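Inspection log for the structure reproduced underneath, given as structure tokens.
The values are calculated or read from the model by the stated rules, or taken from the named source; none is laboratory data. Treat the numbers as computed from the prediction; the structure is a model and nothing was measured. Heads up, the Cβs are rebuilt from the backbone with ideal geometry, glycines too, and the neighbour counts pull from every protein chain shown.
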Amino acid sequence: MMTEIQENEITDYLIFQKLPLDILLEVKDHMISQIADLQMKENVGFEEAFHKTKILWEDEFKMTGYSFFYSEPIPVIAKKILKTNNNEILKKSILFGLISLAVNLLLIYGSDTDKMYTLFFRLENFMFFLAPVIVWVLNYKILKFIRTDFKYKGRLFYTIYQQNAGLLVICLISMMQLVMKDGKPVYDSFRTDNHSEILNAVFALAFMFLLQTFMIFGLFNFFKHKKSLKKIQHFLQTSAV
């Protein structure tokens with residue numbers, strides 16, 4: 001069985017690799033399991049098994065860029081995990097975005113006048129504006145952990161998700177501008193014979209879909225970040241790092 005000193009040695013090694021804390025905890029569990037397997041199968045001590053494990057993981061700790069989500073280089077393993085999680089979240093976000101688009105089309109044909117549609121249009125988009133505001137208010141205690149420059153002891157990011165908060169801010173500002181629109185070109189293009197604004201209508205619907213999709217994406221990332229923080233807080237309370 002691995003001692004606390006040996007576990008701390010693994011932790012120190014992973015901190016040196018610049019892994020965000022949530023990824024560090026995940027990788028640490030894998031490394032401990034791999035070291036234990038090597039010790040059992042090859043009948044070697046901890047140091048030798050740890051050395052062999054580090055060689056096996058060497059390529060995963062090389063630094064790489066992921067500029068859209070991170071402002072500085074991150075380990076390959078962190079990028080792989082982030083891309084996998086983001087792809088999963090993006091699929092869900094697109095689905096919810098399409099549902100919202102379908103609702104909007106139903107509101108177009110369900111509204112008797114353009115003024116009625118304007119009311120529905122603004123209400124629907126205001127809900128998307130209000131959602132992150134409510135989430136931030138309810139989770140104000142963890143907002144400091146979301147700052148893109150907030151690091152554990154000035155060395156490591158807390159989670160791989162914290163830098164996505166900027167996406168929510170951009171979406172929030174854009175959504176407020178969308179709420180100010182009346183949606184009249186969209187209504188006229190679908191409900192009247194006047195199709196002169198059809199390009200503007202298509203652009204407006206596409207912009208709304210993309211904005212709502214990225215807003216949902218940002219919220220999903222926020223909740224992933226919050227979930228990761230709970231694991232990290234437990235780690236910090238029990239670890240001697």
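Look at the range 206-223 and say how many of its residues are farther than 25 Å from I134 by Cα and touching a helix residue (DSSP H, G or I) at 6+ places or on another chain (Cβ under 6 Å). Show your work before the answer.
The initial filter retains those residues of the range 206-223 that are farther than 25 Å from I134 by Cα, namely 206.
Retained after the next criterion (residues that are touching a helix residue (DSSP H, G or I) at 6+ places or on another chain (Cβ under 6 Å)): none.
Final tally of qualifying residues: 0.
This table checks each residue for (1) outside any helix (DSSP H, G or I); (2) in contact (Cβ under 8 Å) with a residue 12 or more places away in the chain; (3) not basic (K, R).
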| position | (1), (2), (3) |
| --- | --- |
| G97 | no, yes, yes |
| A102 | no, no, yes |
| L106 | no, no, yes |
| D112 | yes, no, yes |
| T118 | no, yes, yes |
| L123 | no, no, yes |
| F128 | no, yes, yes |
| A131 | no, yes, yes |
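Just to verify a result, which residue in the range 170-201, among those that are of a type in the set (G, A, S) and within 19 Å of E124 (Cα to Cα), is modelled with the lowest pLDDT? I'd like the intermediate steps shown before the answer.
Just the residues of the range 170-201 that are of a type in the set (G, A, S), to begin with: 174, 183, 189, 196, 201.
From what's left, within 19 Å of E124 (Cα to Cα): 174, 183, 201.
Details: S174: 91, G183: 87, A201: 84.
Among residues in the range 170-201 that are of a type in the set (G, A, S) and within 19 Å of E124 (Cα to Cα), the one modelled with the lowest pLDDT is A201.
Considering only the range 61-84, I want to know if a residue exists there that is assigned to a helix (DSSP H, G or I), of a type in the set (D, E) and either within 22 Å of L19 (Cα to Cα) or out of contact with any helix residue (DSSP H, G or I) (no Cβ under 7 Å at 6 or more places or on another chain) (or both). Quick ask: steps written out before the conclusion?
The initial filter retains those residues of the range 61-84 that are assigned to a helix (DSSP H, G or I), namely 61, 76-84.
Subsequent filtering for residues that are of a type in the set (D, E) retains none.
No, the range 61-84 contains no residue that is assigned to a helix (DSSP H, G or I), of a type in the set (D, E) and either within 22 Å of L19 (Cα to Cα) or out of contact with any helix residue (DSSP H, G or I) (no Cβ under 7 Å at 6 or more places or on another chain) (or both).
So, of the residues in the range 124-138 that are closer than 12 Å to S100 by Cβ and not small (G, A, S), which turns out to be nearest to the chain's Cα centre (by Cα)? Quick ask: steps written out before the conclusion?
At the first step, the residues of the range 124-138 found to be closer than 12 Å to S100 by Cβ are 124-125, 127-128, 131.
Narrowing the set further to residues that are not small (G, A, S) leaves 124-125, 127-128.
Details: E124: 23, N125: 21, M127: 20, F128: 17 Å.
Out of the qualifying residues, it is F128.
Taking K79 as meeting all but one of (1) buried (at least 17 other Cβ atoms within 10 Å of the Cβ); (2) free of Cβ contacts under 8 Å to residues at least 40 places away in the same chain; (3) touching an Asp or Glu at 6+ places or on another chain (Cβ under 6 Å), write down the number of the exception.
Among (1) buried (at least 17 other Cβ atoms within 10 Å of the Cβ); (2) free of Cβ contacts under 8 Å to residues at least 40 places away in the same chain; (3) touching an Asp or Glu at 6+ places or on another chain (Cβ under 6 Å), the lone unmet condition for K79 is (3).
Please specify each residue of the range 43-60 satisfying the condition of being hydrophobic (A, V, I, L, M, F, W, C), part of a helix (DSSP H, G or I) and within 15 Å of F16 (Cβ to Cβ). Can you show your working first?
Step one: list which residues in the range 43-60 are hydrophobic (A, V, I, L, M, F, W, C), which gives 44, 46, 49-50, 55-57.
Those left that are additionally part of a helix (DSSP H, G or I): 46, 49-50, 55-56.
Scanning the range 43-60 gives a single hit, F50.
Tell me the helices (runs of 4 or more DSSP H) entirely within the range 143-241 that contain at least 1 residues that are surrounded by 13 or more Cβ atoms within 10 Å (Cβ to Cβ) and in contact with a Lys or Arg (Cβ under 8 Å, 6 or more places away or on another chain). Quick ask: steps written out before the conclusion?
Details: elements: 165-179, 184-191, 198-238.
Counting at least 1 such residues, we get 165-179, 198-238.
From E4, E26, which residue is modelled with pLDDT under 90, out of contact with any helix residue (DSSP H, G or I) (no Cβ under 9 Å at 6 or more places or on another chain) and among the charged types (D, E, K, R)?
On the way: E26 fails: out of contact with any helix residue (DSSP H, G or I) (no Cβ under 9 Å at 6 or more places or on another chain).
None of the others qualify; the one that does is E4.
A quick yes/no check of all residues on (1) over 22 Å from M176 (Cβ atoms); (2) assigned by TED's automatic domain parsing to the domain that holds E26; (3) among the aliphatic types (A, V, I, L, M); (4) at pLDDT 95 or above:
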{"residue": "I77", "(1), (2), (3), (4)": "yes, no, yes, no"}
{"residue": "G110", "(1), (2), (3), (4)": "yes, no, no, no"}
{"residue": "W136", "(1), (2), (3), (4)": "no, no, no, no"}
{"residue": "K144", "(1), (2), (3), (4)": "yes, no, no, no"}
{"residue": "R155", "(1), (2), (3), (4)": "yes, no, no, no"}
{"residue": "Y158", "(1), (2), (3), (4)": "yes, no, no, no"}
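Please go through (1) without any contact (Cβ under 8 Å) to a residue 40 or more places away in the chain; (2) over 26 Å from K28 (Cβ atoms) for G65 and return the number of the only condition it doesn't satisfy.
(2)
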